[in-house]
Amino acid sequence: MKKRERNLCEMREMFERFLRRFLWADVGIVAIYAIGVGVYTFPLVLDLSRPFSEPGDYLVITYGLSWQMHALLTQPWDFFQANVMYPTASSLAVATPLNTSQLIFFWPAKLLSGDSIIAVNCVYVGNIFATAVSTFVVARHAGAGRAPAFVAGWSFGFAVAKMFQHFQFPFFWLVWVCYAWYCFLTTRRRSWLIVSTVGFVGMSLGSFYLMYMGFLCLLAATVVFHWKVKSLFDRRTIVPVAGAGVLVALFLAPFGWPYFEVNKAYNLKRPLGEAIQYSADPLGSYLLPNNDSVLYEGVRSGEQYDPLPGEEVLFTTLFEVITRYTGSDLTGGRYSGDLSLEQFHSIWRAGGGERRLFPGYSVLVLAIIGIFARPSVATRVPRLLLCTLLIAAVLLSLGPVIVSLGHLTYVPGPYALLYYIVPGLQGMRATARFGYVALLALSVLAALGWKRMASRLPNSGRKWSFIALSVWLCLFTAENLPARPQSYDRPQDPPPVYAYLATRDIDGGIIELPTFKGSMEKSDPVYGDRRIAYRHREYLYMYYSTFHWRPIYNGFGAFAGPHQFAVRDAVERLPDADAVERLRDLGLKTLVLHTYWFEPEDTEFWSRAEVMRVLEPVASVGGAKVYRLLSGD
């Protein structure tokens with residue numbers, strides 16, 4: 001009882017101390033952040049009904065959040081049994097990443113607007129605002145002045161390198177987890193451990209990617225703290241941390257277990273080589289412009305294929321050795337035959353979007369000042385831990401083997417080892433995203449650099465500080481304001497057949513046609529060029545299913561469902577009796593033919609009299625035809 005009262009007292013003291021430091025001037029800065037959200041997302045804030053991104057992850061996340069809201073209201077006991085990829089068990093774990101904590105923005109927006117597109121856009125802008133403000137508030141609580149804290153919040157909140165990931169990753173949780181853990185290490189107060197634990201759960205429920213990134217980088221910082229600052233091998237630290245770890249594991253287990261089960265059941269792991277395509281470049285990602293901002297639009301490094309003397313011969317020789325002894329290749333199975341260096345470079349270049357981590361020289365210069373300036377007593381430990389976070393995040397972001405400016409160095413990164421010893425990393429491929437932790441560290445180091453620089457200004461410091469801050473803000477904006485407007489065409493309103501399906505009891509699942517064709521690989525000689533269009537149509541089926549919530553076979557996520565190709569092949573074999581029985585055994589007894597999306601081969605196939613003999617017409621609604629699959633007898 002005394003421990004509980006002491007913890008509550010500590011929490012109250014923390015809150016009161018925060019209120020004393022957070023004055024009306026700080027409220028004004030928060031308002032400036034709100035204006036910044038409008039500027040950096042323009043013209044999205046003028047029309048939240050238009051997507052800020054192209055179809056793809058956008059519609060997948062929109063579906064995932066819509067389903068999670070629906071499931072919590074209607075079937076919380078069967079949360080992961082989504083209506084897509086029927087009849088796959090725990091299909092939510094196959095179709096979408098876990099982003100449950102994003103419902104704090106999505107749910108109220110959906111209730112107020114009734115529109116999932118508006119709601120997911122509110123997730124986007126809400127996360128940007130919360131991240132910027134959280135970084136500012138944390139810096140102020142740590143004792144930073146308003147100007148340095150403003151620089152930290154603006155640098156991390158509006159870094160264009162991670163701007164388009166805000167609807168997937170709740171970065172504001174990362175800010176609070178890092179700061180609360182630092183406070184716990186330096187004070188050993190359990191109230192900070194509680195804050196860190198709650199934040200870690202929120203971060204994990206927002207993104208398993210962010211969970212791994214935050215945990216591994218903070219683990220590195222903790223080891224350095226133990227080694228260089230103060231031993232953590234004492235009961236006062238080990239017991240509460242172990243208890244917090246057990247509580248986190250127990251809370252997250254029901255959410256993580258379905259992902260573990262489907263990965264094991266369907267072998268949904270990523271080959272190690274696939275991570276190379278989505279790994280960061282030590283030079284091209286962090287030190288050279290590449291972020292498609294107003295100032296650097298179209299600037300790329302290493303995009304052109306320009307091999308060094310002897311590089312092609314070396315690659316061919318080593319590739320043969322690798323495939324002979326490991327049976328795998330440097331592309332994670334993209335090519336089954338010989339692979340040339342030029343083909344490898346083409347695959348690596350395609351992952352360039354993940355490598356755009358450049359924060360701008362306006363941040364890098366300040367961070368360098370913060371790193372190398374003589375530290376005060378108050379900044380020595382924070383700077384040490386921030387540098388550790390930075391180094392750990394950058395090294396892990398480089399992936400299993402380092403590629404610099406398009407040249408394979410054959411130097412392994414630490415991720416290659418962690419891939420085999422850390423459970424769950426086998427399901428990740430975009431290791432470049434560890435760079436987001438590096439951006440947080442750089443932003444806070446930039447605040448330290450600003451503080452150092454401001455101390456060298458003339459005595460009339462407030463005037464010069466305002467001028468310097470204005471100049472910095474203009475430079476940062478030029479380096480980070482997106483060059484292209486964040487506004488795309490909204491998906492068409494769902495065809496009338498979806499309103500029909502919403503009012504009908506469906507026995508089993510629905511197959512929506514046309515679906516994808518071919519192998520869905522770029523190398524497919526017939527359908528390779530159409531694979532993106534096919535994938536986007538499957539995403540659209542997922543989004544449209546939120547208007548009726550009936551089980552559908554369709555859908556794609558990070559992985560194809562375990563039944564996707566088998567069902568597609570069975571449909572293409574109709575009216576074969578075995579194909580009919582295969583579909584009926586899986587519970588797929590209803591077909592919806594969207595004739596307005598047919599390709600010529602679809603029209604020809606579904607015009608065959610022998611195919612139509614195994615189908616019973618049910619309805620024709622707005623160009624879509626609904627059929628019931630008859631028995632093969």
Next item on the list: Return the long-range amide H neighbours of THR590 (sequence gap of 5 or more, or a different chain), with a cut-off of under 5 Å between placed amide H atoms.
Entry: GLY509, ILE511, LEU629
Item checked: Label-to-label distance, nm, for residues given as VAL223 and PHE42 (7 Å Cα→Cβ offset) -> 4.6 nm
Checklist line | Helix-only mean residue ellipticity at 222 nm for the chain, each DSSP H run of n ≥ 4 adding -39500 (n - 2.57), per residue, nearest 500 | finding: -18000 deg cm²/dmol
Note to self: Between LEU73 and SER631, how high is the FRET efficiency from 1/(1 + (r/R0)^6) when r is the Cβ-Cβ distance and R₀ = 30 Å? Nearest 0.05.
What the structure shows: 0.25
Check: So, with +1 on the Cβ of K and R and -1 on the Cβ of D and E, and no other charges, what is the size of the charge dipole of the chain about its Cα centre, to the nearest 20 debye?
Finding: 3880 debye
Check: Roughly what % antiparallel, to the nearest 5, for the DSSP beta bridges in the chain?
Finding: 75 percent
Margin query: Treating only the Cβ of Lys, Arg, Asp and Glu as charged (+1, +1, -1, -1), what charge dipole size does the stretch 49-149 show about its Cα centre? Round to the nearest 20 debye.
Written below: 400 debye
Checklist line | Local electrostatic count, LEU615, Cβ distance below 10 Å [Lys/Arg +1, Asp/Glu -1] | finding: +2
Next item on the list: For the stretch 531-550 and the stretch 79-96, compute the distance between their C-alpha centroids and round to whole Å.
Entry: 14 Å
Check: With no solvent and one point per C-alpha, what does the Debye sum give as log10 I(q)/I(0) for the chain at q = 0.06, 0.07 Å⁻¹?
Finding: -0.36, -0.50
Note to self: With θ taken as phi - 60° and the coefficients 6.51, -1.76 and 1.60, list the Karplus ³J(HN,Hα) couplings across the stretch 128-140 in order, rounded to whole Hz; mark glycine and proline as x.
What the structure shows: 4, 5, 5, 5, 4, 5, 4, 5, 5, 5, 4, 4, 5
Checklist line | Spatial separation of Cα centroids for the stretch 425-451 and the stretch 172-228, in angstrom | finding: 14 Å
Item checked: Across LYS228/LYS451; LYS110/LYS517; LYS162/LYS463; LYS110/LYS522; LYS269/LYS625, pairs whose alpha-carbon gap is larger than 28 Å -> LYS110/LYS517; LYS162/LYS463; LYS110/LYS522; LYS269/LYS625
Next item on the list: Provide the per-residue ³J(HN,Hα) series for the stretch 274-287, in order, calculated from phi with Karplus coefficients 6.51, -1.76, 1.60 and θ = phi - 60°, each as a whole number of Hz, with x at glycine and proline positions.
Entry: 5, 5, 4, 4, 10, 9, 6, 10, x, 9, x, 8, 10, 10
Next item on the list: Quick one: order ILE371, ILE511 from most to least accessible surface, probe 1.4 Å.
Entry: ILE371, ILE511
Check: Which whole-number percent gives the relative contact order of the chain, counting Cα pairs below 8 Å spaced six or more residues apart?
Finding: 18 percent
Next item on the list: May I ask for the distance between the Cα centers of the stretch 581-633 and the stretch 249-274, given as a whole number of Å?
Entry: 35 Å
Item checked: Among GLN277, GLY435, ILE402 - extreme Cα towards positive end, dipole of the chain, charges at beta-carbon -> GLY435
Next item on the list: Set the Förster distance to 25 Å, then compute FRET efficiency between SER523 and SER49 from the Cβ-Cβ distance, nearest 0.05.
Entry: 0.05
Note to self: List the residues, sorted by chain then number, that are 5 or more residues from ALA619 or on another chain and whose placed amide H is less than 5 Å from its amide H.
What the structure shows: VAL626
Checklist line | Derived scalar couplings ³J(HN,Hα) [the stretch 72-88; Karplus, 6.51 cos²θ - 1.76 cosθ + 1.60; whole Hz; x for Gly, Pro] | finding: 5, 8, 10, 8, x, 6, 10, 4, 8, 8, 6, 8, 9, 6, 4, x, 4
Notebook entry, point to check: Angle between the Cα long axis of helix 2-21 and the longest principal axis of the chain, 0 to 90 degrees, nearest 10?
Noted result: 80 degrees
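The values are calculated or read from the model by the stated rules, or taken from the named source; none is laboratory data. Because the structure is predicted, anything quoted here is derived from the model rather than measured. As a convention, Cβ positions derive from the backbone with ideal geometry for all residues, glycine included, and neighbour counts pool all protein chains shown. With ligands, DNA and RNA removed, areas are computed over all heavy atoms of the protein, side chains included. Shrake-Rupley method; radii C 1.70, N 1.55, O 1.52, S 1.80 Å.
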